[in-house]
Amino acid sequence: MNSVWADAIIPKPLHLMMALQQAMASLNYQGTLAILKNTKLDTLQYFHTVQKGVEQERLVSLNSPLREVIRDAETVSCLFKASQQVVVDHKPLRQSFLLDLPKNPAALSKYYVLIAEDDEQVALQTADVLFIKPLDQFRYARKLWIAKQTHLPLKIEVQDFTGETLEQLIFTDLQVVEQAKKVAVELKNKKVHHIHQFEDLGLEKLPLQLKHLPVGFEKRIFTRTHLHPSNKAVEQLLLTDGLSSVSVYLEKNPQNFHAGLQTSGAVNSLSRVLGDYSITVIGDVPAATVEFIAQGVSISAHID
């Protein structure tokens, strides 16, 4: 289809989302990133490279504790400079350090309203402003500042229903580079700790019943991992609406278990006891969402 006609047919907010998705995955870019979370400010260098369609992200902290985090297709590796320890997370569920986007942005219209707002300036660049407003109280709003020239995200905010900012990511500088090399994770002479080496159990083996889920949240994957150093098994069910995600963790006879609601920035979790098991529901969603899901969880089958 002719691009002029396509632009005329596709609403501007959806066009912005599609352009953002393509730019984030296909360009080489780097800059200085400030992250504000729980009133704590962290400043990092950010690098994104893509070679033959395979992406790599890299974060390098500028403040103590000094650390470097690298996301490849199958792993996220975190190097702590002082201790020379490397923590390797296998098959991470998040697809981006900045913003996870659905494969089909148009599907968001079932649960969110996409609103194009007036242009603003961020990091000395003109930005389109896209407000992603939820249609119910079970998910957060997000506001994106998207560079007009490159379609890359300059600023990202997670907001509650009152408009208060819960988390913010902002680039103080961001530029596209023509060529960039991937960085290999050096494990030699390092203390390596592997986590989340999980097995996909399949949704058909899910031993839980979820009596009520917010509209749009679908079961994505059911896995088992083993905690270090006890090697204790923990099951995880991932739920998502394409933009927001929630995990339900199931653990037998947990140690040092604390029931109740906990909040950290935009992340809420609720834990409760269910017979010999603990259930923890956690995600980047409002407290009402994890409470609603947790109250409807029951064990429906024997757990191997």
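What follows is calculated from the coordinates using simple rules that are stated; it is not laboratory data. Please read these numbers as outputs of a predicted model, since none were measured by experiment. No Cβ is skipped: glycine too gets one built from the backbone with ideal geometry, and neighbour counts run over all protein chains shown.
Think of each Lys and Arg Cβ as +1 and each Asp and Glu Cβ as -1; about the Cα centre, that makes the dipole of the range 3-176 roughly 360 debye.
I need Met24, Met18 ordered by Cβ neighbour count within 10 Å, fewest first.
Numbers: Met24 23, Met18 17.
Placing the least packed residue first, the sequence is Met18, Met24.
Test of understanding: ordering Arg94, Arg71, Arg224 by Cβ neighbours within 10 Å, fewest first, what list do you get?
Working: Arg94 12, Arg71 21, Arg224 16.
Listed from fewest to most nearby Cβ atoms, that is Arg94, Arg224, Arg71.
Would the chain count as rounded, prolate or oblate if I go by the C-alpha gyration tensor, calling it rounded below 1.5 in a/c and otherwise prolate when a/b exceeds b/c, oblate otherwise? Oblate, since a/c reaches 1.5 and b/c is not below a/b. Close amide H partners of Phe138, meaning residues 5 or more places away or on another chain with modelled amide H under 5 Å apart, do not exist here.
Can you sort Leu208, Leu203, Leu238 so the residue with the fewest Cβ neighbours within 10 Å comes first?
On the way: Leu208 20, Leu203 11, Leu238 16.
Going from least to most buried by this count: Leu203, Leu238, Leu208.
Each of Ile156, Ile282, Phe257 was placed along the dipole of the chain (beta-carbon charges, centred on the mean Cα), and the one lying farthest toward the positive end is Phe257.
The phi torsions of the range 123-129, fed into the Karplus equation with coefficients 6.51, -1.76 and 1.60 and a -60° offset, translate into couplings of 6, 6, 10, 7, 10, 6, 10 Hz, rounded to whole numbers, with Gly and Pro shown as x. Each Cα pair under 8 Å and six or more residues apart adds its sequence gap; the mean of these over the residue count of the chain is a relative contact order of 15 percent. Normalising the average separation of contacting C-alpha pairs (under 8 angstrom, six or more residues apart) by the number of residues puts the relative contact order of the range 27-97 at 19 percent. Dipole size of the range 198-299 about its Cα centre, with +1 on Lys/Arg Cβ and -1 on Asp/Glu Cβ: approximately 180 debye, rounded to the nearest 20. Computed from backbone phi, the HN-Hα couplings of the range 110-120 come to 6, 10, 9, 9, 9, 10, 8, 9, 5, 4, 9 Hz, rounded to whole numbers (Karplus: 6.51 cos²θ - 1.76 cosθ + 1.60, θ = phi - 60°; Gly and Pro given as x). Selection among Gln84, Tyr112, Ile132 by position relative to the dipole of the range 60-167 gives Gln84 as farthest towards the positive end (Cβ unit charges, Cα centre).
Against the chain, whose longest principal axis is taken from its Cα atoms, helix 12-26 shows a tilt of about 80°. Placing unit charges on the Cβ atoms only, positive for Lys and Arg and negative for Asp and Glu, gives the chain a dipole magnitude near 680 debye about its Cα centre. Other residues with beta-carbon under 13 Å from the beta-carbon of Ser264 carry, at +1 per Lys or Arg and -1 per Asp or Glu, a net charge of 0.
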